[in-house]
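Derivation of every value follows stated rules applied to the coordinates shown; laboratory data play no part. Remember, predicted model here, so these are calculated numbers, not experimental data. All Cβ positions, glycine included, derive from the backbone under ideal geometry; neighbour counts span all protein chains shown.
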Amino acid sequence: MTGAYQTTEKTAGPWVDIDLNALCANYRMVCDAAPGAKIAAVVKCDAYGLGMEAVATTLAKSEHCDEFFVAYPEEGVALRAILKDAAPHATIYVFNGPLPQTMALFKSANLTPVLNSLEQAKKWAERMPGVAAALHADTGMNRLGAPAKDIQAIAHLSDLNITLLMSHLASPSLDESQTGNAKNEKQKNLFHAVAAHFPDAQKSLSASGGALMAPDYHFDLIRTGIALYGSSPFDKDDVRIKPVASLRAPIVQIRDLTPGETVGYGAAFSITRPSRIATVALGYGDGFPRIGWQKAKAAITGGIAPIAGRISMDLISLDITDIASSIQTGDIATFFGGEIRLFEAAATCDTIPYELLTGLGGRVDRRYL
Ligand SMILES: *Cc1c(COP(=O)(O)O)cnc(C)c1O
């Protein structure tokens with residue numbers, strides 16, 4: 001597999017291979033898991049670091065996806081331009097609602113705000129009477145969204161046109177009875193109560209997690225992020241989700257060391273047997289978490305190599321002693337994707353797939369397959 005990658009000037013640094021067919025397969029998997037619902041794509045944070053332009057145009061063209069969510073209005077403006085040809089009529093929702101200073105962006109790019117409070121709803125109705133908006137009703141996460149006590153007042157605002165009512169699960173899970181834990185049940189029941197005030201609006205409670213839960217969590221629309229990008233939304237891996245991103249970096253130097261020597265900053269890794277160490281062009285400056293040095297691994301031709309010593313800004317050393325001696329500079333190490341699941345790589349860095357993907361830095365070339 002890695003043999004297919006040649007070192008060229010372009011591969012002098014790290015890159016991430018992004019499999020757009022796998023992205024589409026994951027989109028369809030979520031469609032199959034929630035057959036009654038529309039599947040919207042959450043493309044905030046540059047599509048979780050994988051590139052909003054490629055992801056959104058692919059989903060619009062190949063899967064006819066025409067509802068998208070971003071977090072910040074500026075992301076919505078960028079997405080509107082991206083979708084100009086592929087989906088000019090797409091609905092672009094903005095989770096973080098309008099502020100006085102961003103109202104003009106909503107108008108100019110035809111963005112649909114997610115209103116998160118009575119105050120925001122009042123202002124929107126005043127400034128943009130009758131213009132479609134979504135409403136986020138908080139059902140117990142206590143992060144963003146209007147509290148239950150304000151829902152009735154919002155429902156009675158004249159000139160307010162709520163076309164989508166949403167809420168967000170705090171801890172989606174597949175454990176117990178598939179209906180998740182008691183918190184999910186409670187949030188769902190409260191969502192039903194709130195929904196009664198907005199009979200004409202589409203309803204959306206679930207992100208990737210809820211999509212894979214029982215059908216009574218699906219409602220009309222699912223806001224899918226991480227499952228599209230190749231990982232389980234739960235605290236366990238889910239092999240139904242295909243890997244989309246593979247993080248790769250070339251080996252830039254190989255050295256043989258003898259017992260008593262050390263590797264890297266702080267001399268934190270001691271050589272205790274004759275060892276071969278390969279240094280690759282990837283570091284915490286590229287978003288690979290420094291904390292991962294004791295548990296993370298990389299796949300190279302012939303095996304899996306543990307990290308040897310502390311991660312530097314632009315370099316990681318791998319212990320390749322136990323792998324075939326034919327490894328050369330220019331060979332490629334893969335930190336996730338393929339043999340190493342993104343979920344597992346994130347766990348070895350004490351984090352979650354969401355953070356590992358969105359943390360990939362600007363030096364990591366994005367390559368689309
Ligand atoms: C980010 C986000 C999503 C997408 O969540 P995934 O777990 O990645 O599917 C959905 N809804 C809201 C409110 C979000 O902030």
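Other residues lying with their Cβ under 13 Å from the Cβ of residue 293 contribute a combined charge of +2, Lys and Arg counting +1, Asp and Glu -1. Rounded to 0.05, the FRET efficiency of the residue 84 and residue 104 pair, given R0 = 22 Å and the Cβ-Cβ distance, is 0.70. Inter-part distance, segment 64-95 to segment 214-274, computed on C-alpha centroids, equals 30 Å. Amide H to amide H, with H built 1.01 Å from N, residue 318 comes under 5 Å of 278, 279, 280, 308, counting only residues 5 or more places away or on other chains.
Mind scanning 84/107; 84/242; 188/242; 123/203 and naming the pairs with a C-alpha gap bigger than 19 Å?
Numbers: 84/107 16 Å; 84/242 29 Å; 188/242 29 Å; 123/203 23 Å.
The answer is 84/242; 188/242; 123/203.
Counting only DSSP H runs of at least 4 residues, each contributing -39500 (n - 2.57), and dividing by the residue count of the chain, the helix-based mean residue ellipticity at 222 nm comes to -7000 deg cm²/dmol. Computed from Cα positions, the angle between helix 73-82 and the longest principal axis of the chain comes to roughly 80 degrees.
Percent antiparallel among DSSP beta bridges with both residues in the chain, to the nearest 5? Write out the running numbers ahead of the final one.
Numbers: 27 of 54 bridges.
Rounded to the nearest five, the antiparallel share is 50 percent.
Note down the net charge around residue 51, summing +1 for each Lys or Arg and -1 for each Asp or Glu among other residues with Cβ under 11 Å from its Cβ.
Here the charged neighbours net out to -1.
Taking each residue as 0.36 nm, the span from residue 142 to residue 344 lengthens on full extension beyond its C-alpha to C-alpha distance by 69.8 nm. Go through segment 110-144 and name the trypsin sites (Lys or Arg not before Pro) that are in a DSSP coil and have 16 or fewer other Cβ atoms within 10 Å of their Cβ. Loop-located and lightly packed - 143.
Please give the net charge around residue 156, taking every other residue with its beta carbon less than 12 angstrom from that of residue 156, where Lys and Arg add +1 and Asp and Glu add -1. Don't skip to the answer; put the middle values down first.
Working: positive: 122; negative: 150, 159.
Taking every Cβ under 12 Å from that of residue 156, the sum is -1.
Amide H contacts for residue 269 (H built 1.01 Å from N in the peptide plane; partners 5 or more residues away or on another chain; cut-off under 5 Å): 263, 310. Within segment 179-221, find all residues whose amide N lies under 18 Å from a label point positioned 7 Å from the Cα of residue 152 along Cα-to-beta-carbon. The answer is 190-199, whose backbone nitrogens lie closer than 18 Å to the label point. Can you pull out the trypsin sites (Lys or Arg not before Pro) in segment 76-117 that DSSP calls coil and that have at most 13 other Cβ atoms within 10 Å? For trypsin sites (Lys or Arg not before Pro) across segment 76-117 that sit outside H, G, I, E and B with at most 13 neighbouring Cβ atoms in 10 Å, the list reads 84. Going 7 Å from the Cα of residue 182 toward and past its Cβ, which residues in segment 125-155 have a backbone nitrogen under 17 Å from where you end up? Once the point is set 7 Å along Cα→Cβ of residue 182, 140-141 turn out to lie under 17 Å by backbone N, inside segment 125-155.
Compared with the dominant principal axis of the Cα atoms in the chain, helix 118-127 is inclined by about 70°. With respect to the chain, whose longest principal axis is taken over its alpha-carbon atoms, helix 182-195 is tilted by about 40°. For residue 161, the residues whose modelled amide H falls within less than 5 Å of its own, excluding neighbours fewer than 5 places apart on the same chain, are 130, 131, 133.
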